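So the structure is just underneath, and the comments pick up after that.
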Amino acid sequence: MNPAAARPGGLGSACPTFPPVRHLLAYLAFVGIPLAGLLGVLRLGQGIRAPQAVHGRYAVTRLDSAGACQAFLLSGDSSLIMTQSGQQVTATLGRTAAVTLRGSVSGSTLTLAGVVPAALPREAACPVGDTMRLVGQARRAPDHGRLDGTLAFLRCAECSTATFQAVRLLQPPGRGL
(Lines give C-alpha, C1' and ligand atoms only; values in the text may rest on other atoms or scores of the structure.)
Protein backbone atom coordinates (compact mmCIF):
# COMPACT_ATOMS: atom_id res chain seq x y z
CA MET A 1 0.00 0.00 0.00
CA ASN A 2 1.17 3.45 -0.89
CA PRO A 3 1.75 5.57 2.20
CA ALA A 4 0.62 8.78 0.43
CA ALA A 5 -2.76 7.22 -0.42
CA ALA A 6 -3.36 6.15 3.14
CA ARG A 7 -2.85 9.58 4.67
CA PRO A 8 -5.76 11.99 4.97
CA GLY A 9 -5.54 14.62 2.23
CA GLY A 10 -3.23 12.46 0.17
CA LEU A 11 -3.57 11.68 -3.50
CA GLY A 12 -5.87 8.73 -3.01
CA SER A 13 -8.36 10.42 -0.68
CA ALA A 14 -11.83 11.28 -1.88
CA CYS A 15 -12.90 14.90 -2.41
CA PRO A 16 -14.60 16.42 0.59
CA THR A 17 -18.39 16.35 0.35
CA PHE A 18 -20.61 19.39 0.85
CA PRO A 19 -23.11 19.24 3.65
CA PRO A 20 -26.79 19.10 2.53
CA VAL A 21 -27.34 22.68 3.71
CA ARG A 22 -25.00 23.98 1.01
CA HIS A 23 -26.95 22.09 -1.67
CA LEU A 24 -30.21 23.57 -0.39
CA LEU A 25 -28.76 27.09 -0.41
CA ALA A 26 -27.43 26.63 -3.94
CA TYR A 27 -30.83 25.34 -5.09
CA LEU A 28 -32.61 28.30 -3.53
CA ALA A 29 -30.16 30.76 -5.09
CA PHE A 30 -30.27 29.32 -8.62
CA VAL A 31 -33.93 28.22 -8.79
CA GLY A 32 -35.86 29.89 -5.99
CA ILE A 33 -34.81 33.52 -6.56
CA PRO A 34 -35.56 33.54 -10.34
CA LEU A 35 -38.88 31.78 -9.69
CA ALA A 36 -39.83 34.37 -7.05
CA GLY A 37 -38.89 37.15 -9.49
CA LEU A 38 -41.04 35.62 -12.23
CA LEU A 39 -44.02 35.30 -9.89
CA GLY A 40 -43.55 38.94 -8.82
CA VAL A 41 -43.51 40.16 -12.44
CA LEU A 42 -46.63 38.13 -13.25
CA ARG A 43 -48.38 39.56 -10.20
CA LEU A 44 -47.53 43.14 -11.20
CA GLY A 45 -48.59 42.47 -14.80
CA GLN A 46 -52.11 41.50 -13.77
CA GLY A 47 -52.97 45.17 -13.22
CA ILE A 48 -51.75 46.39 -16.62
CA ARG A 49 -54.42 47.04 -19.26
CA ALA A 50 -53.66 46.90 -22.94
CA PRO A 51 -54.37 50.14 -24.82
CA GLN A 52 -57.35 50.29 -27.14
CA ALA A 53 -56.58 48.96 -30.61
CA VAL A 54 -56.79 51.77 -33.18
CA HIS A 55 -54.61 50.32 -35.94
CA GLY A 56 -56.02 49.86 -39.42
CA ARG A 57 -57.14 51.66 -42.55
CA TYR A 58 -59.90 54.23 -42.06
CA ALA A 59 -62.36 55.75 -44.54
CA VAL A 60 -63.46 59.28 -43.72
CA THR A 61 -67.27 59.33 -43.78
CA ARG A 62 -67.82 62.95 -42.72
CA LEU A 63 -65.57 66.00 -43.00
CA ASP A 64 -66.70 69.42 -41.70
CA SER A 65 -65.03 72.87 -41.76
CA ALA A 66 -62.11 71.52 -43.75
CA GLY A 67 -59.64 73.82 -45.42
CA ALA A 68 -58.04 72.91 -48.74
CA CYS A 69 -55.18 70.99 -47.13
CA GLN A 70 -57.34 68.96 -44.75
CA ALA A 71 -59.75 68.16 -47.59
CA PHE A 72 -56.82 67.05 -49.75
CA LEU A 73 -55.49 64.76 -46.99
CA LEU A 74 -58.78 63.28 -45.79
CA SER A 75 -61.24 63.14 -48.69
CA GLY A 76 -61.70 61.39 -52.02
CA ASP A 77 -59.29 58.54 -52.55
CA SER A 78 -57.11 59.66 -49.62
CA SER A 79 -56.63 57.32 -46.75
CA LEU A 80 -55.94 57.44 -43.04
CA ILE A 81 -53.77 54.50 -42.04
CA MET A 82 -52.73 53.86 -38.45
CA THR A 83 -50.14 51.47 -37.13
CA GLN A 84 -49.81 50.77 -33.43
CA SER A 85 -47.27 49.33 -31.04
CA GLY A 86 -48.63 49.42 -27.51
CA GLN A 87 -49.58 53.02 -26.75
CA GLN A 88 -47.47 54.42 -29.60
CA VAL A 89 -49.39 55.21 -32.79
CA THR A 90 -48.22 56.35 -36.23
CA ALA A 91 -50.72 57.64 -38.79
CA THR A 92 -50.25 58.49 -42.45
CA LEU A 93 -52.58 60.84 -44.31
CA GLY A 94 -53.10 61.59 -47.97
CA ARG A 95 -53.20 59.84 -51.31
CA THR A 96 -49.56 58.83 -51.16
CA ALA A 97 -49.19 58.72 -47.36
CA ALA A 98 -47.54 62.12 -47.68
CA VAL A 99 -47.99 63.29 -44.08
CA THR A 100 -46.88 61.21 -41.11
CA LEU A 101 -48.19 61.91 -37.62
CA ARG A 102 -46.86 60.27 -34.46
CA GLY A 103 -48.29 60.12 -30.98
CA SER A 104 -50.10 57.90 -28.54
CA VAL A 105 -53.41 56.50 -27.44
CA SER A 106 -54.47 56.88 -23.81
CA GLY A 107 -57.73 55.17 -22.96
CA SER A 108 -59.81 55.99 -26.02
CA THR A 109 -58.15 59.37 -26.71
CA LEU A 110 -55.75 59.56 -29.62
CA THR A 111 -53.26 62.45 -29.87
CA LEU A 112 -50.91 62.71 -32.87
CA ALA A 113 -48.72 65.43 -34.36
CA GLY A 114 -46.38 65.85 -37.32
CA VAL A 115 -44.83 68.42 -39.64
CA VAL A 116 -46.28 69.16 -43.08
CA PRO A 117 -43.60 68.18 -45.64
CA ALA A 118 -42.63 70.24 -48.68
CA ALA A 119 -43.26 67.25 -50.96
CA LEU A 120 -47.03 67.84 -51.13
CA PRO A 121 -48.44 69.08 -54.45
CA ARG A 122 -49.31 72.78 -54.77
CA GLU A 123 -53.04 72.08 -55.13
CA ALA A 124 -53.00 70.73 -51.57
CA ALA A 125 -52.44 74.30 -50.31
CA CYS A 126 -50.85 73.01 -47.11
CA PRO A 127 -48.74 75.33 -44.94
CA VAL A 128 -45.34 73.65 -45.41
CA GLY A 129 -43.36 73.28 -42.20
CA ASP A 130 -46.38 73.85 -39.96
CA THR A 131 -47.25 71.30 -37.29
CA MET A 132 -50.43 69.33 -37.90
CA ARG A 133 -52.26 67.90 -34.91
CA LEU A 134 -54.88 65.14 -34.92
CA VAL A 135 -56.92 64.57 -31.77
CA GLY A 136 -59.62 61.94 -31.72
CA GLN A 137 -61.84 59.62 -29.76
CA ALA A 138 -61.73 55.97 -30.79
CA ARG A 139 -64.99 54.11 -30.39
CA ARG A 140 -65.60 50.40 -30.68
CA ALA A 141 -68.52 49.06 -32.62
CA PRO A 142 -69.59 45.42 -33.01
CA ASP A 143 -68.45 45.18 -36.62
CA HIS A 144 -65.88 48.00 -36.94
CA GLY A 145 -64.04 50.79 -35.16
CA ARG A 146 -64.89 54.46 -35.44
CA LEU A 147 -62.81 57.59 -34.96
CA ASP A 148 -64.27 61.04 -34.21
CA GLY A 149 -61.52 63.61 -34.53
CA THR A 150 -60.18 67.03 -35.35
CA LEU A 151 -57.30 67.97 -37.64
CA ALA A 152 -55.69 71.38 -37.06
CA PHE A 153 -52.57 73.40 -37.83
CA LEU A 154 -50.78 74.92 -34.85
CA ARG A 155 -49.21 78.03 -36.44
CA CYS A 156 -51.55 78.81 -39.33
CA ALA A 157 -53.94 81.52 -38.05
CA GLU A 158 -56.19 81.54 -41.14
CA CYS A 159 -56.48 77.72 -41.28
CA SER A 160 -59.66 76.31 -39.75
CA THR A 161 -59.88 73.21 -37.60
CA ALA A 162 -61.54 70.36 -39.46
CA THR A 163 -63.74 67.85 -37.69
CA PHE A 164 -64.21 64.40 -39.15
CA GLN A 165 -65.59 60.94 -38.58
CA ALA A 166 -63.86 57.86 -39.93
CA VAL A 167 -64.75 54.18 -39.96
CA ARG A 168 -62.16 51.43 -39.83
CA LEU A 169 -62.34 49.25 -42.91
CA LEU A 170 -62.55 45.54 -42.35
CA GLN A 171 -59.63 43.50 -43.63
CA PRO A 172 -59.98 40.04 -45.13
CA PRO A 173 -58.94 37.30 -42.66
CA GLY A 174 -55.22 36.67 -42.58
CA ARG A 175 -54.28 40.13 -43.86
CA GLY A 176 -52.26 42.71 -41.94
CA LEU A 177 -53.30 46.19 -40.83
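Scanning segment 25-62 for residues that are in contact with a Leu (Cβ under 6 Å, 6 or more places away or on another chain) and part of a helix (DSSP H, G or I) returns no hits. Restricting to segment 14-72, and then to whatever is in contact (Cβ under 8 Å) with a residue 24 or more places away in the chain and among the aromatic types (Phe, Trp, Tyr), can you tell me which residue is farthest from Ala91 (Cα to Cα)? So the residue we want is Phe72.
Selection of first residues in segment 117-145 that are farther than 21 Å from Met82 by Cβ and free of Cβ contacts under 8 Å to residues at least 40 places away in the same chain and of second residues that are of a type in the set (D, E, K, R) and open to solvent by 50 Å² or more (accessible area, probe 1.4 Å), restricted to Cβ pairs under 8 Å at least 6 apart or on distinct chains, gives the following pairs, ordered by first then second residue: Asp130/Arg155.
When Leu73 is tested against the conditions (1) of a type outside the set (Ser, Thr, Tyr); (2) in contact with a strand residue (DSSP E or B) (Cβ under 6 Å, 6 or more places away or on another chain); (3) farther than 18 Å from Gly56 by Cβ; (4) not in a strand (DSSP E or B), the lone failure is (3).
Looking across segment 146-170, not a single residue is without any contact (Cβ under 8 Å) to a residue 60 or more places away in the chain, in contact with a Ser or Thr (Cβ under 9 Å, 6 or more places away or on another chain), part of a loop (DSSP other than H, G, I, E, B) and surrounded by 14 or more Cβ atoms within 10 Å (Cβ to Cβ). Being open to solvent by 30 Å² or more (accessible area, probe 1.4 Å), in contact with a strand residue (DSSP E or B) (Cβ under 9 Å, 6 or more places away or on another chain) and modelled with pLDDT of 90 or more is a property that Arg102 has. Being outside any loop (DSSP other than H, G, I, E, B) and charged (D, E, K, R) is the filter; apply it to segment 88-135 and report the residue that is nearest to the chain's Cα centre (by Cα). Among those that are outside any loop (DSSP other than H, G, I, E, B) and charged (D, E, K, R), it is Arg102.
Output the residues belonging to segment 105-131 that are modelled with pLDDT of 95 or more and either of a type in the set (S, T, N, Q) or exposed (fewer than 12 other Cβ atoms within 10 Å of the Cβ) (or both). Scanning segment 105-131 gives a single hit, Thr111.
The values are calculated or read from the model by the stated rules, or taken from the named source; none is laboratory data. Please read all numbers here as calculations on a predicted model, not as lab measurements. So basically every Cβ, Gly included, is an ideal-geometry build from the backbone, and we count neighbours across all protein chains shown. SASA here: full protein model, heavy atoms, side chains in, ligands and nucleic acids out. Shrake-Rupley method; radii C 1.70, N 1.55, O 1.52, S 1.80 Å.
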